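Below you'll find the structure, written out as structure tokens, and then a few comments.
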Amino acid sequence: MINEPVLLIVIPLFAGFLIPIIYLISKKAIKYIPIIAVFYNLFVLIRLIQINSTSLSYFTTGGYKVPFGINLIFNSQIGIILFAINLLALIALIFFLKKEFHLVNSFAYTLGFIIAISAVNGMVLTGDLFNLFVFMELAAIAGYIIATHKRGYYPSFLYVIISTFGSLLFLLGTITIYNVSGTLNMASVSENLVDVSPHFIVVLSVMFIVALSSESELLPLNAWVPKVYEKTSITGSIFFGSVLSTAALFAVIKVLVLVFKGGYEYLFNSLTIIGLATLLIGEFVAFKQRNVRKIVAYSSIAQAGLIISAVSVSLKNGTITDSIFNAAMFQLLNNIFAKGLILLGVGLLGYYSFEKLKGIAGKKKFASILITIGVLSIIGMPPFAGFWSKFFLIKSLIANKMIIFVAIFLASAIFEVYYYLRFIQNMYYEEFDSKIKINQISAVSYFLMISLSFMIIYIGFNPSSVMKTISDIFTGGII
Amino acid sequence: MGEIINYWTFIYGPLAIFLVGVYGLLTQKNLFKLVISINIMDLGVNLYIIALGYMDNASAPIYTAKLAVTSSRFVDPVPQALVLTSIVISVAVTAFVLALVIKNYEKYNTLDLIKIKGIEND
Amino acid sequence: MKKFWAIITVLLILFFLGSGLIPDLKIYKQNNLSQKTGKVYLNRTVNDDSPFKEIDKKLYGEANDVENNAANSVTSVIVDYRALDTLGEVTVLFLAITGVIALLGKSKKNNRILFEKPNYILNASSKILLPLIVLFGFYIFIHGHITPGGGFQGGTIVAASVLMMYFAQNNYKLKNNRMKVLESFSGLSFLIFGLLGIFIMGDFLQNFLELGIMGKLFSGGLIPIIYILVGLKVSAELSNVVYEFMGEE
């Protein structure tokens, strides 16, 4: 039994390379390979979480020691976040193979999904700047393919152009860092960036923020998000909403903590402002939408802004272990499940516009209740997971006397509650239009939705123990 | 004088090419021209990577019978390795996005960004 | 007006980068390797206790107990020191080609591009040139660890021969299923060699073969094997790109 985090990248890749060979033998058999691979991945992850402690450790590849070879960073907290991401990927994959496998060219999309999982795991695990670029580009290409699943060629094109611009800026920044500091390892960059002017750090950090904003749905480069969410398939929306955006946000936080940790007050101040602006603009635009998928897309943008601004507030003090940071990571974890549940549920109902969803709760009682659980978790209602992360966040922000932040946060929350409740009200208390055809929902889909809502309720009843498993992610990791 | 010219061409040349690509990205309306702008940006970034690895009076980082010892003067091999990865990735993205342009043309019968936007919003 | 704002934006970015980044860069004469990872890669002293130490050791033409024995340092970085990047890179190419297949594969309008009548000289000479070009491509990627070149370059040359055949003969058809099998097979072998590294030495993609004498064809341990696999994979992938864009009859 080998216990290396690199297996999480290698196993899905192995399945991906196996698929074309299997496809030539039997066209149906390729269904089972991704499922086996992701199950095995989850199994390996459980082993790794058990074995590894909570302090950050470095795993080498190729047998070369840490600042020179490519290294992966792992501890049990990263394991928990990866587990959630892989679980959502599994749910998306099961749904894809059951319901959307026959849509178009099944071979290519199966391959795209399985390699996307490998790339996402790589983005979360890697501790090397250029390796992060490679995995980001891999995840992005998988994203371009998945975005075309329902003939959304124009959104996909837009995504390619925006994301390529971002990744080229990232490459420019990476090579500049290498030229000045002489290393590509995230953890050792910060101590080698010593005799440079403060101006250099400002330009470099702005470059990195703009570069990473395209995948993590932050402000400058997120114009693709609503368009892609609107046009892709259900599986694709879960992939973008829960899997890719979480991994990208985690990668951004990792770069911020390891490369730009401490001392760069200007950077974190401006990042807080960018994050809060993303939050407000996202919520405000979502407020005006009458299409559920667009609402989720804009609210997803807003959540990314919230998490990044909270993280940068806590990084400004030079600490990475305080309660604000932990609450932000908890919020990241909760969003995975809630967004996945809403996107899956609304996708299963079959319609996205408010007009067609009027009164659908009367016809689809159980599905509507499950969607409502997800919505209540996102807007932060008491028994569910989302309440606790927002509660911890506000509590720790008030304890640190960040009153303006809390005010902006609460103001945006009012918008959020309003538009999501309008959606709920539209579902429950409007007259059902009898001309609209109701989609059948199969047992498997119900099972997937129930398991997601079970996760939300479970976290809602054990908030502090779950939060403890992901708190202090980057302790002991700074070389 | 030659020194200054070298300095400028080495660093501002690639950046200028990159910015020509950015200009194309901001002004062009034809999908194919946008792809070409992306490629020009790629070229600029690749040249920038190579320029940052270059050293005066150094040879290619390959050990040969003449340059057999570790104290020989070689240029930095890391940017050259990175630029290979970057080129391959840009080839892959270009192949994919060209296929996407073909499909866009099949779907909308035009390559004009503004017309496609108009059709999308209807 | 749009052009005016575009020029203003571009000039602002130029000013931003020029005033912030460039004064601190170490280029041309200021560039030195003394504290860079590149020096450690050149000296092959990554796992030493003091990796940045100045040494004067003859590497070429002798059997050394260094960690990596490819004469071409760029290859040693790509295939050994940063092999995970290369794995990601070949996968990027693989996935993009899959995307092209997903988009163009079953397109009805995707008819074969036919030329009126292929140039007679090209048509006649293509039969002689084909084996030579393929052989040259193979030469490039088999010698990737001792001379300039390698898997990506050689693979591109091999794929160029396929493109030439499409130009030269109107009835030429690539057997793309075989190419897919070759592609998957070389990708799987890459991963299997990587996993063997874990089983034998304890680390993914770690070298477990004998290193030999630097500069000889049989040297560098795992490096030539992996670069040949990469070369086969890239040639299959790029040939498939040509096939997909040329269309079917």
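The values are calculated or read from the model by the stated rules, or taken from the named source; none is laboratory data. Note that the coordinates shown come from a computational prediction; the quantities given were computed from them, not determined experimentally. Because the Cβ atoms are built from the backbone with ideal geometry, glycine has one as well, and the counts that use them run over all protein chains shown. The area values use the complete protein model at the heavy-atom level, side chains included, leaving out ligands, DNA and RNA. Shrake-Rupley method; radii C 1.70, N 1.55, O 1.52, S 1.80 Å.
One table, with the values for the structure above:
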| read-out | value |
| --- | --- |
| Which listed residue is open to solvent by less than 10 Å² (accessible area, probe 1.4 Å), of a type in the set (A, V, I, L, M), touching a residue at least 60 places away in the same chain (Cβ under 8 Å) and farther than 29 Å from A:Ile441 by Cβ, from A:Ile30, A:Ile70 | A:Ile70 |
| Single unsatisfied condition, A:Asp472 versus (1) open to solvent by 40 Å² or more (accessible area, probe 1.4 Å); (2) in contact (Cβ under 8 Å) with a residue 60 or more places away in the chain; (3) at negative phi | (3) |
| Sole residue being farther than 30 Å from B:Glu106 by Cβ, more than 10 Å from chain A (Cβ to nearest Cβ) and not in a loop (DSSP other than H, G, I, E, B), chosen from C:Gly61, C:Gly88, C:Gly137 | C:Gly137 |
| Matching entry among A:Ser190, A:Ser213, A:Ser242 (being among the polar types (S, T, N, Q) and either open to solvent by 10 Å² or more (accessible area, probe 1.4 Å) or within 30 Å of A:Tyr64 (Cβ to Cβ) (or both)) | A:Ser190 |
| Selection status of A:Phe384, within 18 Å of A:Phe330 (Cα to Cα) and under 20 Å from the mean Cα position of the chain (by Cα) | yes |
| Helices (runs of 4 or more DSSP H) wholly inside region A:327-412 that include at least 2 residues being modelled with pLDDT of 85 or more | A:365-379, A:385-399 |
| Filter result (surrounded by fewer than 24 Cβ atoms within 10 Å (Cβ to Cβ) and touching a residue at least 24 places away in the same chain (Cβ under 8 Å)) within region A:287-297 | A:Phe287, A:Gln289, A:Arg290, A:Asn291, A:Arg293, A:Lys294 |
| The listed residue being outside any loop (DSSP other than H, G, I, E, B), out of contact with any Phe, Trp or Tyr (no Cβ under 7 Å at 6 or more places or on another chain), charged (D, E, K, R) and away from chain A (no Cβ under 12 Å), out of C:Lys3, C:Lys53 | C:Lys3 |
| Total residues in region A:106-131, condition of a type outside the set (S, T, N, Q), closer than 17 Å to A:Ile175 by Cα and either at the interface with chain C (Cβ under 10 Å from one of its Cβ atoms) or open to solvent by 10 Å² or more (accessible area, probe 1.4 Å) (or both) | 2 |
| Test: residue in region B:12-34 that is outside any helix (DSSP H, G or I), within 9 Å of chain C (Cβ to nearest Cβ) and at pLDDT below 90 | no |
| Unique match (being within 14 Å of another protein chain (Cβ to nearest Cβ) and outside any helix (DSSP H, G or I)) among A:Phe17, A:Phe59 | A:Phe59 |
| Cβ pairs under 8 Å, 6+ apart, first in region A:400-414 and open to solvent by 50 Å² or more (accessible area, probe 1.4 Å), second hydrophobic (A, V, I, L, M, F, W, C) | A:Asn400/A:Val313; A:Asn400/A:Ile324; A:Leu410/A:Ile394 |
| Filter result for the condition that a residue is open to solvent by 30 Å² or more (accessible area, probe 1.4 Å) and part of a helix (DSSP H, G or I), over C:Leu232, C:Leu209, C:Leu191, C:Leu217 | C:Leu232 |
| Residue in region A:62-79 that is nearest to A:Val243 (Cα to Cα), counting only those that are of a type outside the set (A, V, I, L, M) and in a strand (DSSP E or B) | A:Phe74 |
| Test result for C:Phe245, open to solvent by 40 Å² or more (accessible area, probe 1.4 Å) and away from chain A (no Cβ under 11 Å) | yes |
| Check on C:Tyr81, of a type in the set (Phe, Trp, Tyr), at the interface with chain A (Cβ under 10 Å from one of its Cβ atoms) and closer than 30 Å to A:Ile19 by Cα | yes |
| Conditions (1) buried (at least 22 other Cβ atoms within 10 Å of the Cβ); (2) farther than 30 Å from A:Ile25 by Cα: number failed by C:Phe152 | (2) |
| Yes/no for C:Val74 being more than 14 Å from chain A (Cβ to nearest Cβ), modelled with pLDDT of 85 or more and surrounded by 15 or more Cβ atoms within 10 Å (Cβ to Cβ) | yes |
| A:Met467 being crowded, with 16+ Cβ neighbours inside 10 Å, touching a Leu at 6+ places or on another chain (Cβ under 8 Å), of a type in the set (A, V, I, L, M) and part of a helix (DSSP H, G or I) | no |
| Residues of region C:34-50 satisfying the condition of being out of contact with any Ser or Thr (no Cβ under 6 Å at 6 or more places or on another chain) and either open to solvent by 40 Å² or more (accessible area, probe 1.4 Å) or at the interface with another protein chain (Cβ under 7 Å from one of its Cβ atoms) (or both) | C:Ser34, C:Gln35, C:Lys36, C:Gly38, C:Val40, C:Tyr41, C:Val46, C:Asn47, C:Asp48, C:Asp49, C:Ser50 |
| Only one of A:Thr183, A:Thr176 that is assigned to a helix (DSSP H, G or I) and either open to solvent by less than 10 Å² (accessible area, probe 1.4 Å) or under 18 Å from C:Leu84 (Cα atoms) (or both) | A:Thr176 |
| Qualifying residue in region B:75-94 (condition: part of a loop (DSSP other than H, G, I, E, B), more than 7 Å from every other protein chain (Cβ to nearest Cβ) and over 30 Å from C:Ser239 (Cβ atoms)) | yes |
| Residues (touching a Lys or Arg at 6+ places or on another chain (Cβ under 8 Å) and in contact (Cβ under 8 Å) with a residue 24 or more places away in the chain) located in region C:47-66 | C:Leu59, C:Asn64, C:Val66 |
| Any hit, region C:107-115, residues being within 14 Å of chain A (Cβ to nearest Cβ) and either of a type in the set (S, T, N, Q) or open to solvent by less than 30 Å² (accessible area, probe 1.4 Å) (or both) | yes |
| Where a residue in region C:17-33 is free of Cβ contacts under 8 Å to residues at least 60 places away in the same chain and at the interface with another protein chain (Cβ under 7 Å from one of its Cβ atoms) and its partner, wherever it lies, is open to solvent by less than 10 Å² (accessible area, probe 1.4 Å) and part of a loop (DSSP other than H, G, I, E, B), with Cβ under 8 Å and at least six apart | C:Asn31/B:Asp76; C:Leu33/B:Asp76 |
| Members of region B:28-39 found to be surrounded by fewer than 18 Cβ atoms within 10 Å (Cβ to Cβ) and within 19 Å of C:Ile7 (Cβ to Cβ), listed by number | B:Gln28, B:Lys29, B:Lys33, B:Ile36 |
| Matching residues, region A:138-163, being away from chain C (no Cβ under 12 Å) and in a helix (DSSP H, G or I) | A:Tyr154, A:Pro155, A:Leu158, A:Tyr159, A:Ile161, A:Ile162, A:Ser163 |
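Each row is one residue, and each column tells you yes or no for (1) closer than 30 Å to A:Lys468 by Cβ; (2) part of a loop (DSSP other than H, G, I, E, B).
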| site | (1), (2) |
| --- | --- |
| A:Leu13 | no, no |
| A:Ile81 | yes, no |
| A:Ala89 | yes, no |
| A:Val104 | no, yes |
| A:Gly112 | no, no |
